[in-house]
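In what follows, a structure is listed as structure tokens, so that the remarks can point back to it.
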Amino acid sequence: MLRGGTEPDPRFTLANERTFLAWIRTALGLIAAAVALEAFAGDVIEPVVRTVLSCLLLGFAVVFVVVAVMRWITVEQAMRSGLPLPFPWAAYLLAGLLAVAGIVLAVALVV
């Protein structure tokens, strides 16, 4: 799968793997938040809003798993080819999606 180029220093490959695992850990946190929201916010948030927000969080988790795999591969290929590392657009995606989820949750709690 990752053929060509030169084998990078193992430390860089392992650092790339740790970053991948951090994205996976973030996705697991989003899944846990969605489950907790659906399980424990029954009296505080309307069922429709709670379900929509939980589904959004689960959708974000799926997106971040896919992004984690894509990013791991592109960074590994860049290191093997001696190219600059790709721009971390996924971090902006994470920040934006979590901001939207936070705003929706804040509005749901106030209403």
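Each reported figure results from applying straightforward, stated rules to the coordinates on display, with no laboratory input. Source: prediction; values computed, not measured. When we count neighbours, we look across all protein chains shown, and the Cβ atoms used for this are built from the backbone with ideal geometry, even at glycine.
Which members of the stretch 66-103 meet the condition of being surrounded by fewer than 17 Cβ atoms within 10 Å (Cβ to Cβ) and either within 10 Å of the chain's Cα centre (by Cα) or among the hydroxyl-bearing types (Ser, Thr, Tyr) (or both)? Within the stretch 66-103, Val66, Thr74, Ser81, Ala91, Tyr92, Leu93, Ala95, Leu98 meet the criteria. Looking across the stretch 1-45 at every residue that is surrounded by 13 or more Cβ atoms within 10 Å (Cβ to Cβ) and among the polar types (S, T, N, Q), the one that is farthest from the chain's Cα centre (by Cα) is identified as Thr13.
Close Cβ contacts (under 8 Å, 6 or more residues apart or on different chains) running from residues in the stretch 10-25 that are under 15 Å from Ile73 (Cβ atoms) to residues that are acidic (Asp, Glu) comprise Thr13/Glu76; Asn16/Glu76. Inspect the stretch 27-35 for any residue being farther than 26 Å from Val111 by Cα and in a helix (DSSP H, G or I) and give the result as yes or no. Yes: the stretch 27-35 contains one or more residues that are farther than 26 Å from Val111 by Cα and in a helix (DSSP H, G or I). Name the single residue that is nearest to Trp23 (Cα to Cα) among those in the stretch 57-106 being in a helix (DSSP H, G or I) and of a type in the set (Phe, Trp, Tyr). So, considering only residues that are in a helix (DSSP H, G or I) and of a type in the set (Phe, Trp, Tyr), the one nearest to Trp23 (Cα to Cα) is Phe64. Under the condition of being in a helix (DSSP H, G or I) and closer than 13 Å to Ala108 by Cα, the residues counted in the stretch 36-56 number 9.
Condition check ((1) touching a Leu at 6+ places or on another chain (Cβ under 6 Å); (2) touching a residue at least 24 places away in the same chain (Cβ under 8 Å)) across all residues:
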| residue | (1), (2) |
| --- | --- |
| Ile31 | no, yes |
| Glu46 | no, yes |
| Leu56 | no, yes |
| Ala61 | yes, yes |
| Val107 | no, no |
